Amino acid sequence: MPPLLEVTSVKYIDSDNAEQTYASANYRAFGIGGRGGIRLTVGASWPPLRSGPEAVTIRFEAGYEDVPEPINRAIKLMIGQLYNSRGEMVQENLMEDPAIKALLAPYRKLGI
């Protein structure tokens, strides 16, 4: 979900089935402002986890502090189309407009 702004917490279910917070001193965030993640710090290791799915939860903030200009342009195009169609039912999907699709394509995240 780029761009990564901050990793706020890493929690896990331990082998006794209790939720624990993994100390932030044990990992560091990388790729701030882009496609980021976390890595263990030197000497740190992952704790024993409960077996099964959803044993680890990573909370993070992602998004844009300032909306990129191509997204602003796409919004303005959509508003213009809605304004031109005011009072009528809009038949077509605004996202089918090739200009809007082209402006937003670099910001789409599929398969997440």
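The values are calculated or read from the model by the stated rules, or taken from the named source; none is laboratory data. As the structure is a prediction and not an experimental result, all values here were calculated from the model. Cβ: placed from backbone, ideal geometry, glycine included. Neighbour counts: every protein chain shown. Please note that ligands, DNA and RNA were not included when accessible areas were found on the heavy atoms of the full protein model with its side chains. Shrake-Rupley method; radii C 1.70, N 1.55, O 1.52, S 1.80 Å.
Tabulated data for the structure shown
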read-out: Search result, residues across region 14-28 that are over 23 Å from residue 61 (Cβ atoms) and outside any loop (DSSP other than H, G, I, E, B); value: 14
read-out: Residue count, region 1-11 (criterion: in a loop (DSSP other than H, G, I, E, B) and open to solvent by less than 70 Å² (accessible area, probe 1.4 Å)); value: 2
read-out: Pairs, first free of Cβ contacts under 8 Å to residues at least 12 places away in the same chain in region 3-23, second open to solvent by less than 40 Å² (accessible area, probe 1.4 Å) and part of a strand (DSSP E or B), C-beta under 7 Å, six or more apart; value: 19/13
read-out: Leading residue by the ranking (nearest to residue 14 (Cα to Cα)) among those in region 29-47 that are out of contact with any Pro (no Cβ under 9 Å at 6 or more places or on another chain) and assigned to a strand (DSSP E or B); value: 40
read-out: Any pair with Cβ under 9 angstrom, 6 or more apart, that starts in region 63-84 at a residue that is at pLDDT below 85 and ends at one that is surrounded by 14 or more Cβ atoms within 10 Å (Cβ to Cβ) and of a type in the set (Val, Ile, Thr); value: 64/71; 81/100
read-out: Selection within region 12-34 - of a type outside the set (Gly, Ala, Ser), within 26 Å of residue 109 (Cβ to Cβ) and open to solvent by less than 70 Å² (accessible area, probe 1.4 Å); value: 12, 22, 27, 30
read-out: Cross-chain or 6+ apart pairs with Cβ under 7 Å, region 51-62 first and basic (Lys, Arg), then modelled with pLDDT of 90 or more and not in a loop (DSSP other than H, G, I, E, B); value: 59/8; 59/9
read-out: Residue within region 64-73 that is more than 20 Å from the chain's Cα centre (by Cα) and either within 20 Å of residue 108 (Cα to Cα) or in a loop (DSSP other than H, G, I, E, B) (or both) present; value: yes
read-out: Breaking point among (1) surrounded by 11 or more Cβ atoms within 10 Å (Cβ to Cβ); (2) of a type outside the set (A, V, I, L, M); (3) at pLDDT 90 or above; (4) in contact with a helix residue (DSSP H, G or I) (Cβ under 9 Å, 6 or more places away or on another chain), for residue 45; value: (1)
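Yes/no matrix, rows are residues, columns are (1) over 21 Å from residue 27 (Cα atoms); (2) open to solvent by 90 Å² or more (accessible area, probe 1.4 Å); (3) in contact with an Asp or Glu (Cβ under 6 Å, 6 or more places away or on another chain):
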residue: 49; (1), (2), (3): no, no, no
residue: 60; (1), (2), (3): no, yes, no
residue: 68; (1), (2), (3): yes, no, no
residue: 80; (1), (2), (3): yes, no, no
